[in-house]
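Colleague: Mind looking over this structure? Questions follow.
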Amino acid sequence: MKKYSIKLLALLTSAILLGSCSDFLDTDPTNRVPSNEIQTIRDLEKIVNGFYLQMKWNDYYGTPIMVLGETRADDFKPRRSTGGFQQIHRYDFTTTNYSYGGIWDKAYNVIMNTNFLLTLWDGIPANTQDEIDRKNNVKGQLYTVRAFCHFDIVRLYCYPYLKDNGASLGAVIGDKVFGLGEQKARATVKETYDFVIGDLTEALTYLSSDYSKEPSPGNFNYWGAKGLLARVYLYKGDYDNAFKHADEILTDPDNPYRLNTNLEYVAAWGQQDAPETMLELKVTIMSNLDDNGGVDSWYYVVWHGPGFAAGNLVPTKKWFDLLDQDPDDVRHGLIETRYPDPEETPFTPFKWLAKFPGYDKDFKKNNPMIMRLTEIYLIAAEAALKKSTPDQAKANQYLNAIRLRANPALTNVTATEDLVLDERRKEFIGEGHRYFDLARLGKTIDRTYDNSLPGTNAYKIVDPWNVSGTQHKVILPISNAQRLANPLADQNPGY
Amino acid sequence: MIFNLIIRLKPMRKKIKLFILLLLVGSSSYAQHQVTGKVTAGDTNEPVPYASVVLKGETRYTTTTDDNGNYSISLPSGEGILVASFVGYQSLDVAINNRSIIDFTLEPDATTLDEAMVVAYGVVSKGSYSGSASVIKADKIQDVPVVSFEQALSGSAPGVTLGSTSGLPGSFPEIRIRGVGSMNAGNDPLYVIDGIPATSGDLSTANTGTSAMNFLNPSDIESITILKDAAAASLYGSRAANGVVLITTKKGRSGKTQFRFKAEIGFSDFAFNNHPLATDAEHEMLHREAWTNFSTEYPADSWQDPDDPYPSQEAYVNAMVEKYYPSKKAGLGYVDWRKKLFQTAVTQNYELSISGGNEKTRFFLSGGYNKNEAVTVGRYFDRFSGTFNLEHKATKYITMGAGVQFSNTDQAGHQEGTVAYDNPWWAALSFLTYRWPAYNADGTYWTGVYDPNNSSYRSPLLNNDTQITTSAQTRVLIKPWVEMNIIDGLKAKSTFGYDGLYLRDRFGWLPEHANGQAYGDGFYTVKHHEYLKLVSSTTLNYNKTFANDHTFGAMVGWEAEKQHNYHDYLGKVDMASIKYISLTLTGNVLDLYDYEDESTMLSFLSSLNYSYKSKYFLTATYRRDGSSRLAPDHRWGDFWSVSGSWRIINESFMQNISWLNDLRVRASYGVSGTLPTNWYYYKPYYRFETYGQGDGGLYINEPANEELTWEKNHSMNIALETRVLDRVSLSADFYIKKTKDLLMNATTASISGYSTYLRNVGEMQNKGVELDINVDIIKNKDITWTAGVNWTYNKNEITKMSFEGEQIISSSVFLFKEGYSYNQYYSREYAGVDPQTGKVQFYKNSKNADGTYDKTIVNSASSASSIILEGKTGDPKGYGGITTSFRYKNLSVGLVFNYMYGHYVFDQAQDQLQQDGGYYYYRAISKEQLRRWQKPGDITDVPRRMPGDEAGYYNSSRMLQKGDFIRLKNMTISYNLPKAWTNKAGIDNVRVYAAGNNVFALTGLYFDPELSNARGFSNRQTPPTRTISFGIEVSL
């Protein structure tokens, strides 16, 4: 008996010893990679892809940027009287809760990812020239994305630069990895622009190799970073630099892009990697815009088909009137008309924007379009008119290139600001530019045509620079929760 | 000992009369004193089989009585005390005094104070236990017609509440023990089955609602102990803060092999007339009234609209009524939707159990088949289950055994909540009216558009037929153990547990379903989950009584636990067939993944007991846990408790108070914990997804908090227990539970990359009182009648948030804020109806500069702000149960009522049903709308019917209702056929019974009072059902 006992005790004791091995309590799952296991340039490149992945989702470029960029302005409106789009359309923003308020957090999450990569970057070896180019390309992209996200924060949450030359409250600058619970004050708008421009200038030095000048429609390359810099200068009102960078892209013989032709134009919206695409966020069926298989996305909302949200946002009559000025404009090909269905009597015939059919004819496969060569043309045209020594010839050249692409039968015109802006309206409808164009220039948003704004006339006419009364809502508020967690960051006036 | 061992090997048959006496062979041949006798029951005068007879303090000398109540035992001497005991009777001590015949008459033990109860890592007598725990015996749950034992717990123990998640069989009930102690770390108790912490929770990944406890046949349970305070639970350390549910399965008894067969059939239906709808005629009348109101108030927008004029107001109203509530069309089939989508469900249950054994080996074997239709047509829950418990006394020193549970469940459910038309209950409740056709003339489903505003909503019959939501669970629980008596009083026990749970979930939509079409030509996903748990624990126990008065006990042990999960998923679109469904017969891959994860824990545990003369009891426990979920520096946590009790009745000065049968006080204080539910939170990880074609991206989107540690629950309990007049027992507990280092998603500056992160920052408190009173009203040979009431009051308060003044909105209508309950409602404040105009009214409630709220009345929901609705929470002011059982000869009746009062429930269904004519014109209308305002002077809370009004259906306090109810939760009537009849047939016993669950409810609500979840929120899930069942049980 005693022998049994001893044997059993020995068994139990050994089990205790086995169990108490220190690594018994160290476990990792197999569906994610511990951050201390990032070791190669290949890993770095995957992390760079991760930036774009996060930006494409339904909480950033998949929907909110587009809705905020379009429905706050005059060319897009919700078709129904309820829902989050209506809230945005009516400037119904509060400090506790509003649709798409999470974009602030999202942008900073991407910024954190860029800064985290920066801490890993130095430790990864690069030996061959190819490796050095790839490693530099990683750093160039991370600076570009960091700038890009800060630029989104400053155009959503801060007054336009030209309103007061950047004196008002800007972004909280995310220039390093911040710890959980750490606090930081907001910079001014000017300081934010300086930071963004600094990052992009830095990025261009890392993106100067031939490797970084290859087309890479899913990632920022040299051209994308330079195009973004031109856009930032345009918003800032530094037209000399805006023109310089846009013009340099358009005149550089190494530039691998060209405008989609008139014949290609409509079909190109149903394709990936069109000739003029400089950056689009890549959507695959395996990783859709959102958890609901794309049906919460901007593209579903704009697309018309069965379903509650589908077809919920449509261009306004004001915009259709602009387009209808030229019946032969190729962009009419992006419009479809729906006639009443006898079964669905409440539907009246209406026109909707069929610009985003998705590639493979699947609306769920829409790559959010971030930058295409057309924008560079129109930046160059606008900046040429406004720079310290205006260049009317270049302005005419770049504007007419876009106009004649839309309808080759047109004759050349003399470029004016209004013509450039109207061209932008026709060209970028649904791409989330309109509100920011009006805001950066302080132009009045006139929505008196719109009878879908019941009750209040407060936002029928919006002057983004003259923010009297309740019109402080032209920029978004910092949420109350953020104010509690980061009391150093002041709230926007009026909220 | 060695000497005994040698002796034991000698053959020794001569003295043995009864087979069962083999038990004590080891010492019998060396015994110097033989005692025989008979054990009878004092209340019935019947012999008591299987009663145990033990030499006090020398548990080696033990035997049990045979079928005729006779026993025989060999003792080392004629000195000492013999103790006879049997479940349900008071044990009786008799001094031997060299006698050789000793008979025992056992009195029924209504006090139950000396009953043995299963507690953490052991069994104790209730009278010596100083923790707070409730025991629920098998007979309380055996006939209740429910799938899983959890549903039978309502009302049966103080401090326990259940929230409903769905009335479908197999769904997961939310059990809360003494309130809610956690915010972001889970509030479910720990389930321990025969000493093995088992996998629990809602495992559903196919919208079926699947409780992990479904696998266990309630009839295989011997007892359930609910551990409530720290003294009771803290030996389970870092998982004990929400209480522990200890489940003990049935074991065999030595003696004649017993066969028991049970067959049961039941019928289920909704337990309540939920949300009655207006009749067809009322529907039309309410539509007519709405459009008449509208055209009277806005003629220019209605019948006098210059673009679309009507000849008269009446013509306009007729047109509108016809548009939104069209008359039935000839040739189409119309149905009563609630009858079409729901049915009286039939449930069947068959069980066979065999138990028996001899003095060395005992076994219990059972098998069961449980087949349940759901009230929703086409849905079901089926279970095959088996239990095998074996115990073998290998030598005088070594006992070993194993428990095995096996089960296979198969379940089909459907989506719940607001998922459009895939939840048949919501469809039938809110959008289907009497005038929407179900069938075409040829009998096929009519699949037109019901509501043009929501054109994807098609035939709910078709949707019900064409959604795939099934879950199959295979579970194997194997629990071998060995126990050694090393020297007298010193025992070692080693238990090993393997808990393997395999889940196969299927979800999808057939091609005819609108969602199936949206994804492609049908959508089908398969998920497999393997939850594998390994537990090993070893304890060393020492018990010794010194100088007759001082009893010491000590226990040390260790435990290691590993939970290893495997998950895979494959989603495909484009089906080959609408009948034969498999991934093989589905075309294109939509998404797929697999991964494994693991959580481990290592623990050291110990306890110390001391008692003096059965008057003073002191216990201390200590457990140290190390968890893989926390960073190495914060991984180890200490959990402990101290408790004591004073059994005043055993003091000499109490001996002369004849009316007082028992009196004792107990108190405890201790710390238990809760682990974060997230297994990997202390270091940063990169997630991966495809990006573009043939490439992928890594990103960090979850914060990592290296400082994360246990949430700690400091709990204090003081209690009094007494029994008077040998009839009335009372126990009263007062407790305070303070959760510190509360795990909460605390707000952080976004600059860190996140807006919130899990952090040990908050504090919460639950304070409460539990009362349990039981009265033996009549107890004699033929009639026994007992009744009991239990009552619990629990007050919850969040005492600290991460920032001063922080408010977090939770589930849209609750708010977390310091000084308020976890279940505090937060919404717009409804101000009723203007008696003059009939318009809906809200308080504006915007904040004034001085911090007060603007109480101006506004007529639209969008102008009103949400505020804390002071005094309105989901917390009851009291809840509990009323039980009574009555026996007359062979007939017994048992009733369990549960009740709850003082809480508010939030009826989310109102936003569809009480539109006041405002927006969803095509939908069904609640009967409540008949109380609407109609003319100036009407006093009501239902506004006028007015299309386009920004009506009262937005979330507001209008949807809050007082939730008070009392319900006959369980009822059983059973009759044992007279022995005279059954014995002729050679049958021991035949019992026939009828049982009911959710028999009736009294409440002011117009929907089931238990429809809401544990917080009080009711979200259009399938309501609870009433089951009436009939059964027969035959014992051989």
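Colleague: Cross-link partners among aspartates and glutamates for A:K135, C-alpha distance below 14 Å, same-chain residues fewer than 8 apart left out?
Modeller: Cross-link targets: A:D43, A:E45, A:D122, A:D210.
Colleague: Would you work out which of B:V761, B:V728, B:N713 lies farthest towards the positive end of the dipole of the range B:700-787, given +1 charges on the beta-carbon of Lys and Arg and -1 on that of Asp and Glu, about the Cα centre?
Modeller: Of the listed residues, the answer is B:V728.
Colleague: Still on this structure, I have one more. Assuming a ≥ b ≥ c are the square roots of the Cα gyration tensor eigenvalues, decide whether the range B:118-269 counts as rounded (a/c under 1.5), prolate (otherwise, with a/b larger than b/c) or oblate.
Modeller: oblate
Colleague: Can you tell me, using C-alpha contacts under 8 Å and at least 6 residues apart, the relative contact order of chain B as a whole percent?
Modeller: 12 percent
Colleague: Assuming 0.36 nm per residue, please report the length gained on full extension of the stretch A:E131 to A:K318 beyond their Cα-Cα distance.
Modeller: Gain on stretching A:E131 to A:K318: 62.1 nm.
Colleague: Ok, one more. Determine ³J(HN,Hα), in whole Hz, for all residues of the range B:564-576 in sequence, where each value follows from phi through the Karplus function 6.51 cos²θ - 1.76 cosθ + 1.60 and θ = phi - 60°; x replaces Gly and Pro.
Modeller: These are the phi-based 3J(HN,Hα) values: 10, 10, 10, 10, 9, 8, 9, x, 10, 10, 6, 8, 6 Hz.
Colleague: Mind checking which of A:N36, A:L419, A:A380 is farthest towards the positive end of the protein assembly as shown's charge dipole, using Cβ charges of +1 (Lys, Arg) and -1 (Asp, Glu) about the Cα centre?
Modeller: Comparing the listed Cα positions along the dipole, A:N36 ranks first.
Colleague: Report the Cα centroid-to-centroid distance between the range B:370-446 and the range B:147-202 in angstrom, as an integer.
Modeller: 18 Å
Colleague: Let me ask you something else. Apply the Karplus curve 6.51 cos²θ - 1.76 cosθ + 1.60, θ = phi - 60°, to the phi angles in the range B:813-823 and return the couplings in whole Hz, x for Gly and Pro.
Modeller: With the stated coefficients, the range B:813-823 comes to 10, 10, 9, 9, 8, 4, x, 10, 6, 4, 9 Hz.
Colleague: May I pose another question? Taking +1 at the Cβ of each Lys and Arg and -1 at the Cβ of each Asp and Glu, which of B:V135, B:L227, B:F523 sits farthest along the dipole of the protein assembly as shown towards its positive end, judged by Cα position relative to the Cα centre?
Modeller: B:V135
Colleague: Counting only other chains, what is the mean number of Cβ atoms within 10 angstrom of the Cβ of each residue in peptide B:857-870?
Modeller: That average works out to 1.
Colleague: I would also like to ask the following. Go through A:395-404, B:797-806 and give me the packing order, highest mean Cβ count within 10 Å leading.
Modeller: My ranking of the peptides, most packed first, is A:395-404, B:797-806.
Colleague: Just how large is the dipole of the protein assembly as shown about the Cα centre, in debye to the nearest 20, putting +1 at every Lys and Arg Cβ and -1 at every Asp and Glu Cβ?
Modeller: With only Lys, Arg, Asp and Glu charged at Cβ, the dipole is about 5720 debye.
Colleague: List the aspartates and glutamates whose alpha-carbon lies under 13 Å from that of B:K779, not counting same-chain residues fewer than 8 positions away?
Modeller: By straight Cα distance, B:K779 reaches B:D43, B:E107, B:D109, B:D726.
Colleague: If the viscosity is 0.890 mPa s and the temperature 25 °C, what translational diffusion coefficient in µm²/s does Stokes-Einstein give for the protein assembly as shown when Rh comes from Kirkwood over Cα pairs?
Modeller: 67 µm²/s
Colleague: Still on this structure, I have one more. For the pairs B:K795/B:K969; B:K38/B:K250; B:K615/B:K877; B:K527/B:K737; B:K738/B:K962, note any where the Cα-Cα span goes beyond 31 Å.
Modeller: B:K615/B:K877; B:K527/B:K737
Colleague: Related question: When the convex hull of the C-alpha atoms of chain B is computed, what volume per residue in Å³ does it have?
Modeller: 216 Å³
Colleague: How many Cβ atoms of partner chains, on average, are near each residue of A:471-484 if near means within 10 Å of its Cβ?
Modeller: 3
Colleague: Which order, highest average first, do A:55-68, A:436-449, B:840-853 follow once you tally other Cβ atoms within 10 Å for each residue and take the mean per peptide?
Modeller: Averaged packing, sorted descending, gives the order A:55-68, A:436-449, B:840-853.
Colleague: Something else now. Between the range B:322-341 and the range B:867-920, what is the separation of their alpha carbon centroids in Å?
Modeller: Answer, in whole Å: 34.
Colleague: While we're looking at this one, here's another question. Using the Cα gyration tensor of the range B:878-1036, with a ≥ b ≥ c the square roots of its eigenvalues, what is the shape: rounded (a/c below 1.5), prolate (a/b larger than b/c) or oblate (neither)?
Modeller: prolate
Colleague: Now a separate question. If the reach is capped at under 26 angstrom between alpha carbons, list the lysines near B:K340, excluding any in the same chain fewer than eight residues apart.
Modeller: Excluding near neighbours in sequence, the set is B:K323, B:K328, B:K329, B:K371, B:K579, B:K927.
Colleague: Roughly how crowded by other chains is peptide B:588-595, in terms of the mean Cβ count from those chains within 10 Å of each of its Cβ atoms?
Modeller: 3
Colleague: Under the rule of at least 5 residues apart or a separate chain, name every residue whose amide H is placed under 5 Å from the amide H of B:Y826.
Modeller: B:F814, B:L815, B:L869
Where a number appears in this text, it was derived from the coordinates with a stated rule and is not lab data. Worth saying up front: this structure is predicted, and the values here are computed from it rather than measured. Reconstructed Cβ throughout: ideal geometry from the backbone, glycine too, with neighbour counts over all protein chains shown.
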